[in-house]
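Take a look at the structure below.
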Amino acid sequence: MGIFGALTTAVTGMRAQSYALENVSGNIANSQTTAFKRIDTSFQDLIPDNIPSKQLAGGVIASARATNTVQGDIQGASVGTFMAINGDGFFVVQKPTGVQDNTPVFGGTDYYTRRGDFQPDKNGYLVNGAGYYLMGLPIDPTTGNPTGSIPQLLQFQNDFLPAQRTTAVQYRANLAAYPNTNNADTDIPGSELLNPANFSANPVFGPPAPARILGAGATLSPDAVAVGTGTVDISSLTSTGGTFELNGTPITINAGDDATAILAAINAQTGTTGVTASLNGSNRLVLTSANADTHVAIGGASTLSLLAELGVNVGTTYATNLLTQNAVGTGQTMEIQVGGNPPLVITFGTGPGQVSTLAELSTALAGLTGGTASVNTTNGNVTVTAATMVDTINVGGTVAHSIFGMQTLTAIPSNNTVIANDLQAFLDSSVGGGAVTAYDVSGSAVNIQFRWAKVDSNLYGGSNTWNLFYLVNSNATGTEPAWANAGVNYTFGANGQMSPLVSTLQLSNVVIDGINLGNIQINHGSGGITQFADPNGNAQVNLLQQNGYPAGELQTISISEKGRIVGSYSNGRTIDLAEITLANFTGANFLKRIDGGAFAATDESGTPTYGASGTIIGSALEGSNTDIADEFTKLIVTQQAYSANTRVISTTNQMVQDLLNMIR
């Protein structure tokens, strides 16, 4: 080949360097292009077929060398849907083949890119700056797991997130050992406890029970006869005689009567006076009435000298009964009716059929129809209980019923609820336990309010027991339930821990202000409810949250650190919407480059496998992997190589001219 071969070889060298220069130029031009992968130039020699002793250096051909696996720098971005891949992998994308009814139409061909400047378009697709649409796997909102394994185009419309009904409440609190209720008074034992006597329907946890009015707090004295005692020892008395008027009856005491004769004279009239006479251990005269209805009255018609001899004075010693204690007045009444049964009417006084003593009251109460009634004859507390589960109790009359410990005048069957009529009594004997907003199946919000009431205490020989209540009707009136008992006793040991443990509690068929929440599980966990001393005397709520939420409209989407697309809704919820799929290739550098930083699979690259090891970084972009300094170095080398090849051509040309001149 000789001279002409050298000329041809130099031309291939110039062509190869021109190709390299074109790559350098493209790399520099795309040094700021998102996720651009530079193209390096690879040179390959071309050797003609000749014998070994005649071998030539040969020509050269240039080819591209991809850097698809070389990562560019990752830079932060302010757009929540921008993302960068740190490590191996490519985003799976598609590009529309057309538009129909303002909606893109896709041909079904997958492409691959590392350009992550995706933003939502008007149709809810995530589209990058080169017009490629992101693909991934939708997330099942119930399980939180991807649905399927083949990437699909991701589209996020401004649809509503369905409401989720509240099914569980996490609740942890400490209950003060001595609750500072409105009724609590450290000078009154038990005042900090919920007292069923103050309620028309007993709200303390227990099986349903008939209506009952429980008397408590009465301070009457027991029935007692009248006893008048003289001040003089009459064992050696010889009376001067006279008249002794007792309960209106004149009794003659003869001159010379001794103590025995005087006692005999007085006792001879017992049938009339209702009083007996005796001597006590000090030989003093003792006048005792026959019963609590009879007094001892020494009249003014008595001989004063005789009274002085006996050590007594004109006046009345009263028996102890309801009238003398001013508990009732003559003619006042107490009326008790159970259901539709005839009412029992008790009239107080000393007349026929009237009641003046606790003993007589006990006898009268035994005549109640439709239930039982009794009085504690040591303090006056009256208790009335209906015989059936349907009857109510109503108490009326003109007496002051609180004198008999009757704090309420009506009673209905108890069923673990606080009725509206008892609302103030309940609020005064309980402490607030916090509130949480819950949601029904349609997303309607309702406030669940809790209150705690201590119902027993070890200070009074019982156990430290509390009941939990929740509001069911904030507008309840009359006998409508306002609060419901949660249905369990929380009992605490001396160490302040529950014994036995109540870790979970099921509230069944919860309806609050007309909103049906269904069944709700209260989760306390281990040691979630404690009873430790607290000077504030309240329920210190440490955790109170629920798992429901209302419907919400999608407002924004962003990329999580787990590589998932997260939707933020108007109801404050953030939900994983899709998982971004990363594709990997065995021969990633043999992908076919197409416009917009995308690649197509080839036979040499192999088919994609999903689940590449790279991680996705949200609010970030991968920069170009072009190094300007390196490219400038390549530019100088390419320029020098190109110039050297032109020198070969000029030298060859000169040699050809010399040859032609020799022929001339």
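The values are calculated or read from the model by the stated rules, or taken from the named source; none is laboratory data. Model, not experiment: these values are computed from the prediction. Counting neighbours? That spans all protein chains shown, and the Cβs are built from the backbone with ideal geometry, glycine included. Note: accessible area is taken over every heavy atom of the protein model, side chains too, but ligands, DNA and RNA are not part of it. Shrake-Rupley method; radii C 1.70, N 1.55, O 1.52, S 1.80 Å.
Scanning segment 325-341 for residues that are of a type in the set (S, T, N, Q) and over 13 Å from VAL399 (Cα atoms) turns up GLN325, GLN337, ASN341. Of all the criteria given as (1) without any contact (Cβ under 8 Å) to a residue 60 or more places away in the chain; (2) among the aliphatic types (A, V, I, L, M); (3) surrounded by fewer than 21 Cβ atoms within 10 Å (Cβ to Cβ), the one not satisfied by ALA373 is (3). Inspect all residues belonging to segment 95-109 and state whether any of them is of a type in the set (Asp, Glu) and buried (at least 16 other Cβ atoms within 10 Å of the Cβ). No: zero hits.
If you go through segment 501-556 and keep only what is open to solvent by 20 Å² or more (accessible area, probe 1.4 Å), hydroxyl-bearing (Ser, Thr, Tyr) and within 16 Å of TYR490 (Cα to Cα), you end up with SER503, THR504, SER526.
Can you name the residue in segment 335-350 that is in contact with a Ser or Thr (Cβ under 8 Å, 6 or more places away or on another chain) and not β-branched (Val, Ile, Thr) and is also most open to solvent (accessible area, probe 1.4 Å) among such residues? That would be PRO342. The numbered conditions (1) open to solvent by less than 50 Å² (accessible area, probe 1.4 Å); (2) aliphatic (A, V, I, L, M); (3) out of contact with any helix residue (DSSP H, G or I) (no Cβ under 7 Å at 6 or more places or on another chain) are all true for ALA445 except (1).
So for segment 26-46 (the condition being of a type outside the set (A, V, I, L, M, F, W, C), part of a helix (DSSP H, G or I), surrounded by 19 or more Cβ atoms within 10 Å (Cβ to Cβ) and modelled with pLDDT of 80 or more), does at least one residue qualify? Looking for residues that are of a type outside the set (A, V, I, L, M, F, W, C), part of a helix (DSSP H, G or I), surrounded by 19 or more Cβ atoms within 10 Å (Cβ to Cβ) and modelled with pLDDT of 80 or more, one finds at least one in segment 26-46, hence yes. Is one or more of the residues making up segment 418-428 crowded, with 16+ Cβ neighbours inside 10 Å, farther than 27 Å from PRO208 by Cβ and touching a residue at least 40 places away in the same chain (Cβ under 8 Å)? No, segment 418-428 contains no residue that is crowded, with 16+ Cβ neighbours inside 10 Å, farther than 27 Å from PRO208 by Cβ and touching a residue at least 40 places away in the same chain (Cβ under 8 Å). Those strands (runs of 3 or more DSSP E) of segment 535-574 in which 2 or more residues are of a type in the set (Gly, Ala, Ser), under 20 Å from ASP117 (Cα atoms) and touching a strand residue (DSSP E or B) at 6+ places or on another chain (Cβ under 7 Å) occupy 564-569.
Give the number of residues within segment 231-269 that are of a type outside the set (Ser, Thr, Tyr), over 30 Å from THR378 (Cβ atoms) and touching a residue at least 40 places away in the same chain (Cβ under 8 Å). So the answer is 13.
How many residues are part of a strand (DSSP E or B), closer than 30 Å to ARG38 by Cβ and under 41 Å from the mean Cα position of the chain (by Cα) if we restrict to segment 109-124? Steps first, answer last, please.
Applying the first criterion (part of a strand (DSSP E or B)) to segment 109-124 yields 111-113, 119-120.
The next check asks that each one be closer than 30 Å to ARG38 by Cβ; those that pass are 111-113, 119.
Keeping just the survivors that are under 41 Å from the mean Cα position of the chain (by Cα) gives 119.
Count: 1.
Restricting GLY242, GLY215 to those that are on the phi > 0 side of the Ramachandran plot and either crowded, with 18+ Cβ neighbours inside 10 Å or in contact with a helix residue (DSSP H, G or I) (Cβ under 9 Å, 6 or more places away or on another chain) (or both) reduces the list to GLY242.
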